[in-house]
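Undergrad: Have a look at this one before I ask anything.
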Amino acid sequence: MIEMWHAGLGWPTAATLLAFSFASSFITIAFGIGGGAVMLAVLATLLPAAAIIPVHGMVQLGSNAGRAAIMTRYMRLDLLAPFAIGALIGILIGGSLVVQLDAGWIQMGVGLFILWSVLSKPPSFLRRSGMITGVFSSFLTMFFGGTGPFVATYVRAQDLERHAHVATHAMFMTLQHLLKTVAFGILGFAFSVWAWLIILLIAAGVLGTLAGRVMLSRIDDRRFRIVLNVILALLATRLIYAGATDIYLANAASAQTGGGN
């Protein structure tokens, strides 16, 4: 009975995930972006490969929904419809193509994606169209998860004040993660195995959101983003190394087995 709360990962691992769920939600509401990538990197390090993207999507759904709920009055609802149409198209295309990749390739893909988001800027065309942003980011989220920076590029281009930026971004990401969760459920992912741990992670995320809201106007963005980017780059590098090592060992074992035959 107790094991269902940590999905068989053990309490030390579950406690680590809970701490990062709190921290990632705090980061996102306080600085507008970044927490989802942190949570993705930690999940990619501690969870089985097949569970990384679906569990991340469900946790981010709860986190963003909580953030959206407490900041509803700041949302730009007039921007929702074009993004929603694009998100649905992107999820449908991505869901039709997503396949089960080996653990090493998933770790490398997520690591490279995070590293790219730190070192580069999302394409400029994402600033111009909510629908294009919805299609592009929602397609990618089926494979790599942390597409908040792409959506933030479009939201930033709307020149919103800080609270409206955070609230509108949360609105978009809630919709995207909801569609992604439904898609993975249809594709057969066993959310029930992870349900209680996800509930705990969402609860920790809500607490992080409430704490981060207090700090929303009190933190030095520039210094924080430098530290955040360094942490993300280190986590991404570790994921790339771990993934490459797994791929190398798998290929070596396969070659050895083939040679033995």
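The values are calculated or read from the model by the stated rules, or taken from the named source; none is laboratory data. Computed from a predicted model, the values in this text were never measured in an experiment. FYI the Cβ positions are ideal-geometry reconstructions off the backbone, even for glycines, and counts take in every protein chain you see.
Undergrad: Might you check whether a residue that is modelled with pLDDT under 75, under 19 Å from Gly35 (Cβ atoms) and surrounded by 17 or more Cβ atoms within 10 Å (Cβ to Cβ) occurs anywhere in the range 128-145?
TA: Yes, some residue in the range 128-145 is modelled with pLDDT under 75, under 19 Å from Gly35 (Cβ atoms) and surrounded by 17 or more Cβ atoms within 10 Å (Cβ to Cβ).
Undergrad: Take the conditions of a type outside the set (Phe, Trp, Tyr), more than 21 Å from Gly243 (Cα to Cα), assigned to a helix (DSSP H, G or I) and touching a Leu at 6+ places or on another chain (Cβ under 7 Å) and apply them to Ile52. Does it pass?
TA: On the way: of a type outside the set (Phe, Trp, Tyr): yes; more than 21 Å from Gly243 (Cα to Cα): no; assigned to a helix (DSSP H, G or I): yes; touching a Leu at 6+ places or on another chain (Cβ under 7 Å): yes.
Spelling it out, it is not the case that Ile52 is of a type outside the set (Phe, Trp, Tyr), more than 21 Å from Gly243 (Cα to Cα), assigned to a helix (DSSP H, G or I) and touching a Leu at 6+ places or on another chain (Cβ under 7 Å).
Undergrad: Taking the stated definitions as given, is Val166 out of contact with any Phe, Trp or Tyr (no Cβ under 7 Å at 6 or more places or on another chain) and either outside any loop (DSSP other than H, G, I, E, B) or among the aliphatic types (A, V, I, L, M) (or both)?
TA: yes
Undergrad: Yes or no: Ala81 closer than 19 Å to Gln158 by Cα and out of contact with any Gly (no Cβ under 6 Å at 6 or more places or on another chain)?
TA: The answer is yes for Ala81.
Undergrad: From the list Val151, Val182, pick out the single residue that is part of a helix (DSSP H, G or I), modelled with pLDDT of 90 or more, more than 19 Å from Leu47 (Cβ to Cβ) and of a type in the set (A, V, I, L, M, F, W, C).
TA: Step by step, each of Val151, Val182 is checked, and only Val182 is part of a helix (DSSP H, G or I), modelled with pLDDT of 90 or more, more than 19 Å from Leu47 (Cβ to Cβ) and of a type in the set (A, V, I, L, M, F, W, C).
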